[in-house]
Structure formats: C-alpha cells, structure tokens
Amino acid sequence: MKTSYMDYLLSFSNMSVLLAAAFMSSWALSIHNEWHILLDVLVFMLAYGVYTAFYLALIRHFRPYPLGSYDMHSCKFVYWKQVALLTNLAEKALGPFLTLFNKPLYHKIMGAHVGRQVALAGGTLCDQPLLYFDDYSVVGAGSVVTAHAISGNQILLAPIKLGKSAVVGVNCTVLPGVELGEHAVLAPGAVATVGTKIPAYELWGGIPAGFIKCLQPQNEEPDNPQ
C-alpha cells in the first residue's frame, strides 16, 4: 500500500492532538494514591479512544466516508488511510473496556449503523461507517467484515448490509458490497466475495459462498374441517 509524506504528516498531526488531549485529561483527573499510575493509564486510554471517536464523527459530518473505487493517488484513499489508522488505534486503546455487551455501542459510536439487540461476538469490523446491521443480526466470533478491498493500485469501498435476524457464522469473511437478507445465514468459515447478495431465508456457505438450502419456514397444515 502506497504511503506518502502527506500520510506521515497527517498521522503525526492527528495523533499529536489526540494524545495531548488524552494526556491533559489523565493529568486533570489524576488522584495521588498507591494506584494512581494504573488509574492514570486507564483514564488516558479511555480518553484517547473517546476523543478519537468524537474526532472521527466530526470528520464524517463535514466529509462523508468515501464510496466507490479509487487509485492510491486519490485524496479519498488518503482520507481512508487516516480514518483506518485512527480507528485501529482507538480500538486498541479501548480494548480493556470493550465487552460482548458494549461492542455494538462502540461500533455505533465509530459510525456503524446498528439496530436493536445486535450481537457482534468478537469479530473484526472495518470501515464502520459502511456497515449496516439491522435488528437482531449476528456476527460470529473470529469473522472479518470489511467494506474495503485493495487490489493492485485500487481500493474499493462499498457498504455491507445485514438484514433483520441475519447471521454471519464464526470465522467467516465478508467483503465489500455483500448483503444478507432477513434471516439469511452465512455458514461458519464461508467467504462472501465482493458484491455477493444472499436472499432472505437462505443458507450459503463455502469458498466462495454459494447457495446451500432454503430456510423459509414451512406453513403449518391447516386444521381439518369439522
């Protein structure tokens, strides 16, 4: 992946501001006791992650996350690299505070569109502003859901959408442009390649993912007339 002096300059500037703000918060809230070093570090990490989330939200407000295909000389590619770097560092800083229960909230704060009672059980989610999780959808542990793909001198950015109660099984890979309809299931270990569309109530699996069977519930037999 091509890296220019502009990338280093922007990274240094962004991280300097965020680190300084986190340090000031840690210093201001420091309580001098036998545990103060540990507490100062935890406050610093939490502050860094929170400030980064708000900073990225501010950036998205004035400059929406890019969509489409771009070459490595594009300003959109520079934008994506900066957001990816800051998001990665924020997730590491917030790592000690993230649990199974608050991860959906974390990803929502980072820009993902998250419905009610969504389960994100330890998967790796990239490009949160391009991720859409409808109510009760699930991403299994060890799965990678990434809305970007880099090939040669190009980067592709396309949204990923999980419908209501859709399930991505454990250790799956979901690439840009993938859509799962309502109650659709991607079997464990499957790879949904770029642009794959899985209709509602279907089970897909394999590499690349393909149709396995229909999950549409069968209508119950009507009662016999008296």
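The values are calculated or read from the model by the stated rules, or taken from the named source; none is laboratory data. Just so you know, these numbers come straight off a predicted model, no measurement behind them. We place every Cβ from the backbone using ideal geometry, glycine too, and count neighbours over all the protein chains shown.
Worth pointing out:
- Candidates Leu86, Leu67, filtered to the one that is under 30 Å from Asn102 (Cα atoms), in contact (Cβ under 8 Å) with a residue 24 or more places away in the chain and crowded, with 18+ Cβ neighbours inside 10 Å: Leu86
- Among residues of the stretch 2-34, those that are exposed (fewer than 10 other Cβ atoms within 10 Å of the Cβ) and outside any helix (DSSP H, G or I), counted: 4
- Residue check for Tyr132: in contact (Cβ under 8 Å) with a residue 24 or more places away in the chain and of a type outside the set (A, V, I, L, M): yes
- Test: His113 is under 29 Å from Lys164 (Cβ atoms), free of Cβ contacts under 8 Å to residues at least 40 places away in the same chain and not assigned by TED's automatic domain parsing to the domain that holds Ile160: no
- Flag: Asn171 matches the condition of being more than 21 Å from Lys81 (Cα to Cα) and among the polar types (S, T, N, Q).
- Matching option when the condition is in contact with a Gly (Cβ under 8 Å, 6 or more places away or on another chain), closer than 19 Å to Arg116 by Cα and either in the same structural domain as Pro129 (by TED's automatic domain parsing) or surrounded by fewer than 18 Cβ atoms within 10 Å (Cβ to Cβ) (or both), among Gly181, Gly177, Gly189: Gly181
- Test: residue in the stretch 137-150 that is touching a helix residue (DSSP H, G or I) at 6+ places or on another chain (Cβ under 9 Å) and surrounded by fewer than 23 Cβ atoms within 10 Å (Cβ to Cβ): yes
- For the stretch 64-80, the set of residues classified as closer than 19 Å to Ile109 by Cα and in contact with a helix residue (DSSP H, G or I) (Cβ under 7 Å, 6 or more places away or on another chain) consists of Tyr65, Pro66, listed by residue number.
- Taking the criterion of being without any contact (Cβ under 8 Å) to a residue 60 or more places away in the chain and of a type in the set (A, V, I, L, M), the only residue of the stretch 70-83 that qualifies is Val83.
- When the residues of the stretch 35-64 are filtered to those that are more than 28 Å from the chain's Cα centre (by Cα) and assigned to a helix (DSSP H, G or I), the one that is surrounded by the most Cβ atoms within 10 Å (Cβ to Cβ) is Asp40.
- Within the stretch 151-172, considering residues that are within 21 Å of Leu215 (Cβ to Cβ) and not hydrophobic (A, V, I, L, M, F, W, C), the one surrounded by the fewest Cβ atoms within 10 Å (Cβ to Cβ): Asn171
- Unmet requirement for Lys108, which otherwise passes all of (1) under 27 Å from Leu157 (Cβ atoms); (2) outside the structural domain of Ala147 (by TED's automatic domain parsing): (2)
- Boolean, Ile207 is surrounded by fewer than 17 Cβ atoms within 10 Å (Cβ to Cβ), farther than 30 Å from Val78 by Cα and of a type in the set (Val, Ile, Thr): yes
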